[in-house]
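Q: Take a look at the following structure, please.
FYI, it's all coordinate maths here, none of it is from the lab. Quick caveat: nothing in here was measured; it's all calculated off a predicted structure. Glycine gets a Cβ as well: all are built from the backbone with ideal geometry, and neighbour counts include every protein chain shown.
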Amino acid sequence: MFRPSFPLRAGMKVGLLGGSFDPAHDGHAHLTRVALKRFALDRVIWLVSPGNPLKSRGPAPLEDRMAHARAVMRDPRVHVSDFEARIGTRYTAETIAALKRAHAGVRFVWLMGADNLQQFHRWDRWEDILQSVPVGVLARPGWRQSALHSRAARQYRDARLPGRASHLLALQPPPCWCFVNMPMRPVSSSEIRAKGGWQADAARQQS
């Protein structure tokens, strides 16, 4: 049976950034660096998923996305992992529960862009996620207002930590979430795919 082997110890503050990373790009790396600083994290784990249940179109092969993600995010504090594929979890709530069982005492924080907060209430067992770990939300171009007026933000408005106290997020008991602004980088995976895709670019560079 697969056992996670992340180099974590009790007391560490660890961010979890999940997604298809199809493809990973500089925006993901930028968001991760901001999260490390603003939320005072020791590590961030990129959880490269087998597929997104909310998307009808399947992603590129997992091994290709993993390799590209590692090329994009070169930081010893960041681990790129196919944990979900290895352990067989399909939804974020299951993944978080498995990580917490495997790493007792680690202070996990779920990270997301503001675009995900806007539709967070569509996620499977989304309230269980908020009840299990603090959530750090980072601004995305064009999503600030809709995210802050989303169902999840309104329903859990009393659990919001002010942005000026973002460095304390990992130490808060859930439910707790914090929205922070950051310099914008208007790039998205969908735009890269629409322009021909990162795999085509990589193939051209190798030819």
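Q: Applying 1/(1 + (r/R0)^6) with R0 = 35 Å to the Cβ-Cβ distance of Phe6 and Arg164, what FRET efficiency is obtained, to the nearest 0.05? All intermediate terms of the calculation are to be shown ahead of the outcome.
A: Details: r = 30 Å, r/R0 = 0.87.
According to the calculation, E is roughly 0.70.
Q: Skipping prolines and chain starts, which residues have an amide H placed within reach, meaning under 5 Å, of the one on Gly113, given they are 5 or more residues away or on another chain?
A: Those lying under 5 Å, H to H, from Gly113 are Leu138.
Q: Still on this model: Residues with amide H under 5 Å of Phe108's amide H, sequence separation 5 or more or different chain, H placed in the peptide plane at 1.01 Å from N; which?
A: Residues meeting the amide H criterion: Val14.
Q: With a 10 Å Cβ neighbour count serving as the proxy for reagent exposure, in which order, fewest first, do Asp115, Asp64 appear?
A: Values: Asp115 18, Asp64 15.
Fewest-to-most ranking of Asp115, Asp64: Asp64, Asp115.
Q: For Gln131 and Asp64 in one chain, what is 0.36 nm times their gap in residues minus the Cα-Cα distance, to one decimal in nm?
A: Details: separation 67, 0.36 × 67 = 24.12 nm, distance 3.36 nm.
Result for the pair: 20.8 nm of gain on full extension.
Q: Right, here's the next one. How big is the gap, in Å, between the Cα center of region 75-96 and the Cα center of region 29-46?
A: Here the answer is 16 Å between Cα centres.
Q: Could you tell me whether region 1-155 comes out rounded, prolate or oblate from its Cα gyration tensor? Rule is a ≥ b ≥ c as square roots of the eigenvalues, rounded for a/c under 1.5, then prolate if a/b exceeds b/c, otherwise oblate.
A: Values: a/c = 1.25, a/b = 1.15, b/c = 1.08.
Verdict is rounded for region 1-155.
Q: Residue by residue through region 150-162, what is 3J(HN,Hα) from phi via Karplus (6.51 cos²θ - 1.76 cosθ + 1.60, θ = phi - 60°)? Round to whole Hz and write x for glycine and proline.
A: These are the phi-based 3J(HN,Hα) values: 6, 4, 5, 5, 6, 5, 10, 4, 6, 9, 7, 8, x Hz.
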